[in-house]
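All remarks here apply to the structure that follows.
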Amino acid sequence: MQPTIDHTLDIQKIRQDFPILDQEVNGRPLVYLDNAATNQKPIPVINALTRYYEGYNANIHRGIHHLAEQATAAFEASRRAVQEFLNAKHWQEIIFTYGTTDGINLVAQTYGRRFLKEGDEIIISTMEHHSNIVPWQMLCEEKGCVLKVIPVDDNGELILEEYEKLLSERTKLVSCVHVSNSLGTINPVKTIIDKAHEVGAVVLIDGAQASSHLDIDVQALDADFYVLSAHKLYGPTGMGVLYGKKEILDAMPPYRGGGEMIKEVTFAKTTYNDLPYKFEAGTPNIADVVAVKTALEYMAGLGKENIAAHEDDLLQYATEQLNELDGLRIIGQAKHKIGVISFVLDGIHHQDTGVILDQQGIAVRTGHHCTMPLMQRFGIAGTTRASFAVYNTRDEIDRLVQGLRRVQKMML
Ligand SMILES: Cc1ncc(COP(=O)(O)O)c(C=O)c1O
């Protein structure tokens with residue numbers, strides 16, 4: 001279905017919120033199409049960081065002085081904002097992490113080590129990012145669990161009938177990406193979760209890519225865990241969120257030991273703090289957590305559905321324009337996609353494509369995108385990936401297409 005574009009989104013005005021976009025690279029205006037790796041930060045987010053360091057930088061929770069109270073209030077207000085963003089039932093279900101990778105490792109190292117045993121099965125999919133493969137492999141190696149993988153069809157969609165065949169009473173955990181960073185595929189995670197629950201398995205959803213494009217409602221999804229990274233949400237790097245159902249998080253042992261995660265420490269015995277602090281050892285990224293609230297407000301101000309409609313328009317336009325190029329093959333043709341296009345050019349290595357585009361001021365990502373098994377599935381070493389955010393324009397897609405014509409002219 002064609003999206004309805006909300007013409008109240010003034011993209012040129014929005015671009016002014018992102019100072020980084022206003023620069024030349026190699027003598028040409030920058031075209032930033034590497035948003036799936038990290039998107040750019042608007043002035044309000046940058047200002048929130050500066051305001052924190054200029055106005056109320058202090059360590060949180062234990063201080064009784066004014067600045068500590070201010071910093072604590074801002075930190076905890078951010079937790080409430082994330083709770084609302086994900087529609088979590090309890091604020092205690094929001095754990096601040098260093099990012100998606102950290103959240104998945106936390107679950108593997110605590111839930112996995114405590115509750116999984118030899119012979120138990122973990123299901124992931126062929127389109128997982130390495131951060132949703134390796135932590136489970138490490139767990140399997142330690143505990144003797146077995147990793148099973150949902151296959152992907154030629155369009156880049158999960159084969160759900162095969163998923164159902166993998167499920168059994170041995171399945172204890174399913175961990176699946178909501179939106180593929182390499183293909184843009186939006187996976188039917190509600191179905192995946194419901195099927196897993198039928199056999200009593202818990203489910204982790206990797207929302208790194210989904211969270212800036214789709215509405216996320218963890219209660220409606222009935223996800224047991226949901227992880228994301230702030231830097232893909234117009235927020236700061238090195239900061240993320242693990243959502244977990246309260247009763248599951250309560251049952252899990254802590255992850256890192258140290259300050260903040262304890263109630264009482266003696267040399268004989270330590271008791272642990274309540275949620276969410278049990279999982280937040282040490283001084284966190286206070287400034288970055290505070291700025292996440294601003295990033296969420298920024299997106300809400302534009303309207304997430306307006307952002308999605310704009311990106312969808314770019315996706316349709318780019319797909320049409322790229323399909324005009326001889327020798328270009330799009331990898332990932334799922335029916336439901338976000339604004340990510342991966343492609344290969346006949347006879348040209350993706351690395352060369354990326355370098356020649358960069359010479360023209362166009363930033364794309366090339367390589368395996370941390371999804372090597374997916375590349376193996378498609379029999380390729382890597383792709384060139386263009387990925388869109390709210391500030392991108394059709395003119396920039398035209399620049400990409402022109403740039404690719406130049407790549408072909410130079411390389412063939
Ligand atoms: C789908 C997906 N999962 C996980 C990650 C890892 O995120 P981070 O590096 O922020 O931990 C990424 C990052 O690109 C991703 O796209």
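For the chain, Cys176, Cys370 stand unpaired, since no other cysteine beta carbon lies under 4.7 Å from theirs.
Of the residues Ile122, Ile95, Ile14, the one that moves most in a GNM of the chain with alpha-carbon contacts below 10 Å is Ile14. Beta bridges per DSSP, both residues in the chain: antiparallel share near 60 percent.
Normalised by the number of residues in segment 11-109, the mean separation of alpha-carbon contacts (under 8 Å, six or more apart) gives a relative contact order of 13 percent.
When N counts the residues of the chain, how does its alpha-carbon radius of gyration compare numerically with 2.2 N^0.38 Å, as a ratio?
The reported ratio for this selection is 1.01.
Per-residue surface analysis assigns Arg405 an accessible area of about 130 Å², computed on protein heavy atoms at 1.4 Å probe radius. The label-point distance for Lys269 and Arg406, in a model that sets each label 7 Å from Cα toward Cβ, rounds to 7.0 nm. Largest to smallest in accessible area, the residues Asp206, Asp395, Asp217 fall in the order Asp395, Asp217, Asp206 (1.4 Å probe, all protein chains included). Normalising the average separation of contacting C-alpha pairs (under 8 angstrom, six or more residues apart) by the number of residues puts the relative contact order of segment 101-256 at 21 percent.
Summary value for the chain: 23 percent relative contact order, contacts being C-alpha pairs under 8 angstrom separated by 6+ residues.
Legend: residues Trp136, Trp91, sorted from most to least accessible area (1.4 Å probe; ligands, DNA and RNA excluded), read Trp91, Trp136.
Radius of gyration over Kirkwood radius for segment 334-412, both on Cα atoms: the Rg/Rh ratio is 0.97.
If you take all other residues with their beta carbon under 12 Å from the beta carbon of Val289, and give Lys and Arg +1 and Asp and Glu -1, the sum is 0.
For Lys304, a cut-off of 30 angstrom between C-alpha atoms picks up these lysines, skipping any fewer than 8 places away in its own chain: Lys13, Lys41, Lys89, Lys190, Lys195, Lys232, Lys245, Lys246, Lys293, Lys335, Lys337. Membrane-span-like helices of the chain, defined as complete DSSP H segments with a Cα extent of 20 Å or more along the helix axis and a mean Kyte hydropathy of at least 1.0, are identified as 286-302. Net charge in the neighbourhood of Ser342 (other residues with Cβ under 10 Å of its Cβ; Lys, Arg +1, Asp, Glu -1) is +3. Taking all protein chains together and rolling a 1.4 Å probe, Cys370 ends up with roughly 50 Å² accessible. Computed log10 I(q)/I(0) for segment 203-356 at 0.15, 0.17 Å⁻¹: -0.97, -1.11, from the Debye equation with unit scatterers placed on every C-alpha and solvent omitted. Within segment 142-247, the trypsin sites (Lys or Arg not before Pro) that combine a DSSP coil assignment with at most 16 other C-beta atoms in a 10 angstrom radius are Arg170. Dividing the summed -39500 (n - 2.57) terms of all DSSP H runs of n ≥ 4 by the residue count of the chain sets its mean residue ellipticity at 222 nm at -11000 deg cm²/dmol. Take Asp153: with every protein chain present and a 1.4 Å probe, its accessible area is about 40 Å².
Each Lys or Arg adds one and each Asp or Glu subtracts one; over the other residues with Cβ under 10 Å from the Cβ of His197, this totals -3.
The values are calculated or read from the model by the stated rules, or taken from the named source; none is laboratory data. Quick caveat, the model's predicted, so the values are computed rather than measured. Every residue, glycine among them, receives a Cβ derived from its backbone with ideal geometry; neighbour counts consider all protein chains shown. Side chains are part of the model used for accessible areas, which takes the heavy atoms of the whole protein and leaves out ligands, DNA and RNA. Shrake-Rupley method; radii C 1.70, N 1.55, O 1.52, S 1.80 Å.
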